[in-house]
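Quick notes on the structure that follows.
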Amino acid sequence: MAELWGIYSKPVPADSRELWTLFLQCSCITAVIGGLFYNWMFASLEYSWHLSVAMAISLSLLLLLTLFLVHPARCVFTMIMPTLGTKQGRKLLFSTCIMIAVVNITPNIISNMKTILQVIQCICKNSSDSLLNSTTLLQKVSWEFADAVQEATHPIYKPMNGHVRFSLLQNSPLIYQKMHLAGEKISREFLSVEVLVKDSVRAANRLAAGFLMLYLCFESTWYLKNYLTNVRFDNFYITKKLERLAMDRRAAHLLVGSSKKLIRPTGLKLTREEVVLCLVQAMLVTMALMLMLVLVAMDHFAFSVADTAVRKAAQFSVVPVTLSIKYKAEMGIVPFLYKLFWRPPEALLLRDFNKTYHHQLIFSSAQCRISPPGPPSPSVLLVVGLLFCVLYGSALLEPFARRLCRGIAASFFPGREDQRVLHLYGKLARRQGGE
């Protein structure tokens, strides 16, 4: 492995064997990157498969030529890997989490809300239908009652025709049509909102992904530029070269006395600035996690409401209604006059009317087209949870990712690393002499 890394980080291959080894290494790297890039474009960014294939092949060929021919570009590309563990890499993972949530969680929320609206629409349609049908019962009751009054009253005092005609049934098709149009309009609005959200987030995610990938390359290039031009940049590590230089010059005490200000790149010790940086980044990840948990809670809440609405609507399907009419009347002044003439008062009593009618109000039926509520996808929650675990890990390991970037730059440019070690040694010696 050390020999392969030496060939990969060497500016110019020494012989044909190293040349072919370098070409094979670059070919393997570009093949893996091309496959990952295709999967990223097709699965995550949702580009068409032929565009994803064309972009992946083009990127692989360009990357192969660049890595094989340009030594600094090889260094920048290698530093991109640990740079994924820094702030820019976390932004890329945030973008992926948002895309997964919007593509998988948001449609499920909208689908459950549509289920709730379908239940409401079903209840409204069946209840209105049942209420309209009840007008037939009311008409029957009114006619029977009017007939009873007509039959029971003396011809002299017979009232006018009291029949009542209900015309609500004539408008029932119009009511159904309006309810159907209202339901279709709501469905179209939900569909348009879902499509708008998906398209907007997809476009924003594509722009953010392209920008973040370019920024990753820029940040690696910026680090390499500062490493090569500024000997003070990120130069506070006790490396093996510094230890050998101090041992050769019999000044090992310089490293012991400065142990509080210097750290070993392979150790677990963190400076105060690095600890503060880790805590701040962990807090930012926690805030993003809270927002994602709100979205997940909305998904569970929408499913719970939709499931409850469907189950309760099935249980609350039929409501019995009983209509009872009791009618008894007699003439007021006429019985008194008849009593004066010794006539029996019962002759003018109206016959009692006592009937009970039964009807059922139907709120739900099997003819209703209600989509079953969709439960939250456990696979999506698992993927999002794993991504946030990676985000927390990258937030806590960011200082070590930067140390790895420094080690990569040092292996690609050993001459510049020697100059940086000499500068740090001179700085420690001057500080020791001043003290």
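FYI, it's all coordinate maths here, none of it is from the lab. Source: prediction; values computed, not measured. A quick note on method: Cβ atoms are made from the backbone with ideal geometry, for glycine too, and the neighbour counts reach across all protein chains shown.
Key figures for this structure:
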| quantity | calculated |
| --- | --- |
| Stretch gain in nm, segment SER324-SER16, where the contour uses 0.36 nm per residue and the Cα spacing is subtracted | 100.3 nm |
| Taking the stretch 1-69 and dividing mean pair separation by its residue count, relative contact order in percent (alpha carbons under 8 Å, at least six apart) | 31 percent |
| Burial ranking of peptide ranges 396-406, 24-34 (average Cβ count within 10 Å, highest at the top) | 396-406, 24-34 |
| Relative packing of 305-311, 208-214, which averages over residues the other C-beta atoms within 10 Å, highest first | 305-311, 208-214 |
| Simple Cβ-charge dipole of the stretch 198-309, Lys/Arg +1 and Asp/Glu -1, about Cα centre, in debye nearest 20 | 920 debye |
| Charge context of MET283, other residues only, Cβ under 14 angstrom, K/R +1, D/E -1 | +1 |
| Residue pairs, from the table LYS91/LYS114; LYS240/LYS269; LYS87/LYS225; LYS125/LYS185; LYS225/LYS427; LYS225/LYS269, whose Cα atoms sit over 24 Å apart | LYS91/LYS114; LYS225/LYS269 |
| Peptide ranges 97-103, 244-250 listed from the most packed, as the mean C-beta count within 10 angstrom indicates | 97-103, 244-250 |
| Rounded FRET efficiency, nearest 0.05, which uses the C-beta distance separating LEU396 from HIS423 and R0 of 25 Å | 0.25 |
| Gain on full stretching of the segment that runs from SER371 to LYS91 - 0.36 nm per residue minus C-alpha separation | 97.1 nm |
| Karplus-derived HN-Hα couplings along the stretch 236-249 (A = 6.51, B = -1.76, C = 1.60, θ = phi - 60°), whole Hz, x at Gly and Pro | 9, 10, 8, 8, 5, 5, 5, 5, 5, 5, 5, 5, 5, 9 |
| Computed E for VAL383/ARG311 - FRET, C-beta separation, R0 30 angstrom, nearest 0.05 | 0.50 |
| Computed E for LEU65/MET287 - FRET, C-beta separation, R0 30 angstrom, nearest 0.05 | 0.10 |
| Modelled label reach - LEU36, point 7 Å along Cα→Cβ, the stretch 92-106 residues with backbone N closer than 14 Å | 92-93 |
| Alpha-carbon centroid distance for the pair the stretch 39-99 / the stretch 404-418, whole angstrom | 24 Å |
